[in-house]
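S.K.: Would you mind keeping the following structure in view while I ask a few things?
The values are calculated or read from the model by the stated rules, or taken from the named source; none is laboratory data. All of these numbers come straight from a predicted model, not from anything done at the bench. Every residue, glycine among them, receives a Cβ derived from its backbone with ideal geometry; neighbour counts consider all protein chains shown.
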Amino acid sequence: MQNNKQLSKDDVIKLSQSPNTENKITTINKLSTLYNMPNISLQERKLTEDIFRIIVEDVEVKVRQILSECLKKSKDIPQDIVKKVISDENSVSIPFIKYYENLTDKELMGIIDTQSLDKQKAVAQRRNLSDGVSGYIVDKCPEEIVVTLISNNSANISENTYQNIITRFPKSEDIKRGMVYRQELPVTIITKILDSLSADLQKRLILLHNLPTDIASDIIEQVKEKATLQVSAEYSSDKQIENLVHELYSSNKLTPSLVVRSICMGDLKFFEYSIVYLSNTPITEVRKILFNTQVDFVVRNLLRKAFIPKTFFPAVFVALKVIKDIRFDMKNNSRKAFSHKVIERILSYANAEEELGKDDIEYLISKIN
């Protein structure tokens with residue numbers, strides 16, 4: 001008994017006598033069923049492929065669309081047919097590009113190089129993209145396609161590719177949001193983007209990712225520190241800043257990390273008054289030690305007296321040296337400009353100062369970013 005889903009002689013006769021859209025679609029569906037059967041003979045397969053070659057040239061878009069829908073579920077389609085479908089208009093090619101499993105990385109990269117944004121997006125939406133293709137998308141495509149890639153949780157994206165994304169789109173909020181909402185994100189990348197995220201995205205980062213407790217705590221602490229220094233930046237008088245420091249000191253919130261962050265951000269008065277309270281040293285003496293002496297051990301003694309951990313000393317010394325070198329004036333220089341200047345000097349000081357090791361450099365940069 002003939003299966004009505006398989007192509008018969010009657011179907012061929014009917015199609016030849018009346019090649020209308022309906023008969024073409026019926027033929028395509030039956031051919032597709034036959035083509036995907038495991039017991040199809042080589043002769044049947046070749047004949048079916050020859051008919052496909054005719055249909056991909058059909059003048060009716062709807063017919064080619066139906067063929068594309070059928071072919072996207074198939075395997076090992078001849079390359080000439082694959083290329084023809086890919087090069088067709090979007091309504092025909094995009095479903096095939098998005099779902100046909102046997103497209104090679106080379107073919108996908110070719111689509112990225114030569115096709116429209118819609119076709120590039122179809123590639124970015126494919127399941128289980130290799131990191132090679134993901135990296136190629138990041139290198140070649142505009143922001144909207146990269147956002148699509150990041151939103152595709154099945155795509156393989158390596159740490160190096162993430163780093164390239166950060167480098168290419170450092171200010172894109174859509175990129176940052178997409179990275180935060182990915183199901184998996186390397187901890188190293190989380191730490192790189194952390195300081196550039198809004199408070200809302202930082203909270204989402206903690207909620208959505210299974211971060212180690214120490215990193216989650218550090219994120220929360222950094223948010224608090226940044227908020228505190230933003231308040232300090234709004235104050236102009238010594239008295240206002242001293243009152244803020246006194247309030248933090250009284251509530252045990254004047255942490256070494258906050259103090260070091262303040263000097264790295266150029267908040268000189270906040271740093272000075274923090275040392276005053278932590279070391280029980282008058283403000284005039286603190287300023288004399290920090291900026292009028294050439295003897296480093298005097299500064300070290302002051303920091304020890306303020307219970308600043310020794311591992312933080314290099315960060316403080318680098319920031320102080322930059323302040324002295326550029327004669328920093330908060331009224332005429334922005335904190336952002338100061339931070340950039342500190343970063344410029346880190347590597348030069350790193351080579352000259354034996355105690356400024358890799359961990360110290362990374363810590364300092366984390367305070368500046």
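S.K.: Among the listed residues I13, I25, which satisfies the condition of being β-branched (V, I, T), modelled with pLDDT under 85 and surrounded by 13 or more Cβ atoms within 10 Å (Cβ to Cβ)? Let's see the steps before the verdict.
M.R.: Values: I13 fails: surrounded by 13 or more Cβ atoms within 10 Å (Cβ to Cβ).
Criteria check complete, one pass: I25.
S.K.: Here is a further query. F338: of a type in the set (F, W, Y), at pLDDT 75 or above and under 33 Å from the mean Cα position of the chain (by Cα), yes or no? Can you show your working first?
M.R.: Details: of a type in the set (F, W, Y): yes; at pLDDT 75 or above: no; under 33 Å from the mean Cα position of the chain (by Cα): yes.
Taking the combined requirement at face value, the residue does not satisfy it.
S.K.: For the range 200-212, name all the residues that are within 28 Å of N128 (Cβ to Cβ) and either part of a helix (DSSP H, G or I) or at pLDDT 80 or above (or both).
M.R.: Selection gives L201, R204, L205, L207, L208.
S.K.: Only residues in the range 178-204 that are among the small types (G, A, S) count as the first member; pair them with residues that are crowded, with 19+ Cβ neighbours inside 10 Å and assigned to a helix (DSSP H, G or I), Cβ under 9 angstrom, at least 6 apart or cross-chain, and list the lot.
M.R.: G178/V146; G178/V147; G178/T148; G178/L149; G178/I150; S196/K176; S198/K176
S.K.: To continue, here is another question. Which residue pairs have Cβ atoms closer than 6 Å, lie 6 or more positions apart in sequence or on different chains, and pair a first residue in the range 252-269 that is in a loop (DSSP other than H, G, I, E, B) with a second residue that is basic (K, R)?
M.R.: The qualifying pairs are M265/R335; G266/R335.
S.K.: Looking only at residues that are without any contact (Cβ under 8 Å) to a residue 12 or more places away in the chain and not charged (D, E, K, R) in the range 284-307, which one is nearest to I241 (Cα to Cα)?
M.R.: Here is the first cut: in the range 284-307, the ones without any contact (Cβ under 8 Å) to a residue 12 or more places away in the chain are 284-285, 288, 292-295, 297-298, 301, 304.
Checking the rest, the ones that are also not charged (D, E, K, R) come to 284, 292-295, 297-298, 301.
Numbers: T284: 16, N292: 22, T293: 24, Q294: 27, V295: 28, F297: 27, V298: 25, N301: 24 Å.
Ranking the qualifying residues of the range 284-307, first place goes to T284.
S.K.: Among what's in the range 44-73 and is under 34 Å from the mean Cα position of the chain (by Cα) and in a loop (DSSP other than H, G, I, E, B), pick the residue that is modelled with the highest pLDDT.
M.R.: K72
S.K.: Test D76 against the criterion of being in a loop (DSSP other than H, G, I, E, B) and on the phi > 0 side of the Ramachandran plot, and give yes or no. Give the steps one after another, and end with the answer.
M.R.: Details: in a loop (DSSP other than H, G, I, E, B): yes; on the phi > 0 side of the Ramachandran plot: yes.
Criteria met by D76.
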